[in-house]
1. For segment 1-85, with the dipole built from +1 on Lys and Arg beta-carbon atoms and -1 on Asp and Glu ones, taken about the Cα centre, which of Val54, Ala24, Ala40 lies farthest toward the positive end?
2. What residues of segment 1-21 lie in the reach of a label at Asp72, counting those whose backbone N is under 13 Å from a point 7 Å from the Cα along Cα→Cβ?
3. Can you send over the solvent-accessible area of Tyr102, 1.4 Å probe, protein chains only, in Å² to the nearest 10?
4. What FRET efficiency comes out for the pair Phe104/Ala40, r = Cβ-Cβ distance, R0 = 22 Å, nearest 0.05?
5. For the chain, what does the relative contact order come out to in percent, with C-alpha contacts under 8 Å and a separation of six or more?
6. When the chain is fully extended, how far beyond the present Cα-Cα distance does Val5 get from Thr112, taking 0.36 nm per residue of separation?
7. Going 7 Å from the Cα of Ser27 along its beta-carbon direction, which residues of segment 86-115 have the amide nitrogen within less than 20 Å of the resulting point?
Amino acid sequence: QVQLVESGGGLVQPGGSLRLSCEASGSDFSTYAMGWYRQAPGKQREFVADISSVGSTYYADSVKGRFTISRDNAKNTVYLQMNSLKPEDTAVYYCKAVRKSYAFWGQGTQVTVSS
């Protein structure tokens, strides 16, 4: 069992930056693939970025070049650095942990990009 707690969301102006964090409880964090997803009002949840247990990363086209996912296994934490934010990035951002057939989600953190 893994519990995930996201933090770092908030209100930011277009062009600004935020860093989201997701801290995991439980053991064997380093063996999990970790991902970030987001859900805007009235829309389905969508993939943003993920990082494998060995550090390989993959990004949605909409955030490539602006967002960076990273992990610190010593701190049981995955990060999402978001730069050049746009109003269309406004959403609740969720952290996901996956290993074999098991998947765990955090409760989400709100990101609002507005002037």
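1. Looking along the dipole axis, the top candidate is Ala40.
2. 20-21
3. For Tyr102, the solvent-accessible surface is approximately 140 Å².
4. Numbers: r = 22 Å, r/R0 = 1.01.
That gives a FRET efficiency of 0.50.
5. Working: 276 pairs, mean separation 42.6, N = 115.
It comes to 37 percent, rounded to a whole number.
6. Full extension from Val5 to Thr112 adds 36.7 nm.
7. Flagged as within label range: 97-104.
The values are calculated or read from the model by the stated rules, or taken from the named source; none is laboratory data. None of these values were measured; they are calculated from a predicted model. Using ideal geometry, Cβ is built from the backbone for each residue, glycine included, and neighbour counts are taken over all protein chains shown. Areas reflect the complete protein model, heavy atoms only, side chains present, ligands, DNA and RNA absent. Shrake-Rupley method; radii C 1.70, N 1.55, O 1.52, S 1.80 Å.
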